[in-house]
Amino acid sequence: MARSPRSLVSYIWCLVVAEGAVVDLAEWSSAGWFVQNDGVMGGRSSGNLQVSDSGARFEGSINLDGGGFASFRRDFGWFGERNLRDYAGLWVEVDALAESSLAPVAIHVELDDASERSGFGAAMAIPPGPAGSTYSVFLPFSWFRKQLLRSCRDCILNPGRVTGVGIVVLYQEGFFSFRVRKIYAVSSESEVPSSAGRMPTLTTSDSDVWKMIRASILRGSYAWNQGYPEQCGALYNSTAFVISSARNISETVQSIARAATSYAEQFPLNLGNNAAWIYRRSFDAISAAYDGSAPPPESRYPQVAHGDWVRTAMSGGSVQPLPVSDLANELQQQMVSGAPGQFALRSLGLLFVGCMHFLVGLAD
Ligand SMILES: *[C@@H]1O[C@H](CO)[C@@H](O)[C@H](O)[C@H]1NC(C)=O
Ligand SMILES: *[C@@H]1O[C@H](CO)[C@@H](O)[C@H](O)[C@H]1NC(C)=O
């Protein structure tokens, strides 16, 4: 396309100005993105990557036998090391998952660091939502704590020496499919339009909320037990926000989820496990309400999750009990079918073992 000299000048000017605040770390079609799964360590997970100018779709399946991860990544190359010291963190934009998804999918966004020869991950989760909706998060560099490639004692990400970026799906058994649109380094959180981070509004039902909570607890507690509490926290955060903003569900359930999100807000997910405990207590209270029983006593949880907030959120409201054992059977079918947006489970037994394990950890 021919450009007049004047528009060319303004085009270059725009590039220079934009460069100051935002750097595209994905550069989708021009970069050598590649897939790396747990096959390197004897696992059997799969991942298929389709890259276009506007993003990357990653689809596959996680198999927990002998591994449990799939990832796609790029290296900036020998002379491509990036100095991101003048930036504050990453803006990651994704498409919402298919509306029929059982639960959000948690991912780790990874930055590789030349000085430590290690990769550091920050967890986030992708919520389900209406077709065409997108969702953004801001991940400050201080959240990139999880050592994914190699562990080194007391080392932290040096944003001055970034050599690559990756997206990792871990320990969420079964099928996954999601699309990442942007991975930008930004000079401040204000570069991310606040509307972009708003949770897509899901129209759902109480039965599907019950299943989403059970599925999140299964996935979250598995990740927790594997040493990934930040992934559990990100997943729970997403599930609680989806429920908070969903349409067509019990108001009391939403009120519990909202109490948890507003209380957990002060605890960044990648810097500790307090938020996960707060969410876990709210999920147990919601499950109990759907089951027509009383919520577990606060003594089942660490101090941080204690308090009257559950009772206050429930006061005056009532929840129509659900046929919980029928739903448990349906959930098992959906999980085993491994259909898009869902995930396979070896058996529902595992679901309850996972929860018990989590509860045992919590009682200590
Ligand atoms: C709305 O909720 C009702 C009762 O739970 C359910 O039967 C219906 O399928 C829900 N609608 C949608 C669109 O999910
Ligand atoms: C939890 O999810 C909400 C909703 O998208 C988001 O605004 C918030 O930043 C998340 N919390 C953390 C600590 O990541």
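The values are calculated or read from the model by the stated rules, or taken from the named source; none is laboratory data. Small disclaimer: the values here were computed from a predicted structure and weren't measured. Cβ coordinates were reconstructed from backbone atoms using ideal geometry, including for glycine residues, and neighbour counts include every protein chain displayed. Quick note on the areas: whole protein, heavy atoms, side chains included, nothing else; ligands and nucleic acids left out. Shrake-Rupley method; radii C 1.70, N 1.55, O 1.52, S 1.80 Å.
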Query - Binned Cα-Cα distances of the chain, short to long, each 10 Å bin given as a whole percent - result: 5, 24, 33, 23, 10, 3, 1, 0
Requested in this report: Could you tell me the accessible area of residue 208 in Å² (1.4 Å probe, neighbours in place), rounded to the nearest ten?
Outcome: 70
Report summary line: Relative contact order of the chain (C-alpha contacts under 8 Å, at least 6 apart) in percent is 17
Query raised in the report: Rank 306, 108 by accessible area, highest first, at a 1.4 Å probe radius?
Result: 306, 108
Requested in this report: Can you grab the distance from the C-alpha centre of region 197-223 to the C-alpha centre of region 311-327, Å, no decimals?
Outcome: 16
Report summary line: So, with points 7 Å from each Cα along the Cβ direction, the residue 29-residue 142 label distance in nm works out to 4.0
Requested in this report: Could you work out how far helix 251-264 tilts from the main Cα principal axis of the chain, as a 0 to 90 degree angle to the nearest 10?
Outcome: 50
Requested in this report: Per residue of region 154-170, in order, report the coupling 6.51 cos²θ - 1.76 cosθ + 1.60 (Karplus, θ = phi - 60°) as ³J(HN,Hα) in whole Hz, putting x for Gly and Pro.
Outcome: 6, 9, 10, 4, 9, x, x, 9, 8, 10, x, 9, x, 10, 10, 9, 10
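Between residue 52 and residue 187, 0.36 nm times their residue separation minus their Cα-Cα distance comes to what?
Values: separation 135, 0.36 × 135 = 48.60 nm, distance 2.58 nm.
Taking residue 52 through residue 187 to full extension adds about 46.0 nm, to one decimal.
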**Report entry** ³J(HN,Hα) computed for each position of region 123-137 - Karplus, 6.51 cos²θ - 1.76 cosθ + 1.60, integer Hz, glycine/proline x
**Finding:** 8, 8, 9, 9, x, x, x, x, 3, x, 8, 10, 8, 10, 10
Query - Computed over region 56-135, Kirkwood Rh from alpha-carbon pairs, angstrom - result: 15.2
Query raised in the report: Each residue of region 88-97 in turn: what ³J(HN,Hα) in whole Hz from Karplus with 6.51, -1.76, 1.60 and θ = phi - 60°, glycine and Pro shown as x?
Result: 9, x, 10, 9, 10, 10, 10, 7, 4, 5
Report task. Treating the angle as unsigned and between 0 and 90°, give the value, to the nearest 10°, between the Cα long axis of helix 324-337 and the longest Cα principal axis of the chain. Result -> 30
**Report entry** Inter-centroid distance (Cα atoms) of region 131-157 relative to region 39-109, Å
**Finding:** 12
Query raised in the report: GNM on the chain, C-alpha springs below 10 Å: top fluctuator among 333, 320, 147?
Result: 320
**Report entry** Between 0 and 90°, nearest 10: helix 348-363 axis offset from the chain longest Cα axis
**Finding:** 90
Query raised in the report: Please state the relative contact order of region 188-302 as a whole percent: Cα pairs under 8 Å, 6+ residues apart?
Result: 24
Query raised in the report: Given a Förster distance of 45 angstrom, what is the FRET efficiency for residue 44 paired with residue 303, based on the Cβ-Cβ distance and rounded to 0.05?
Result: 0.65
Query - Distance in nm between pseudo-label sites at residue 99 and residue 83 (7 Å out along the Cβ direction from Cα) - result: 5.0
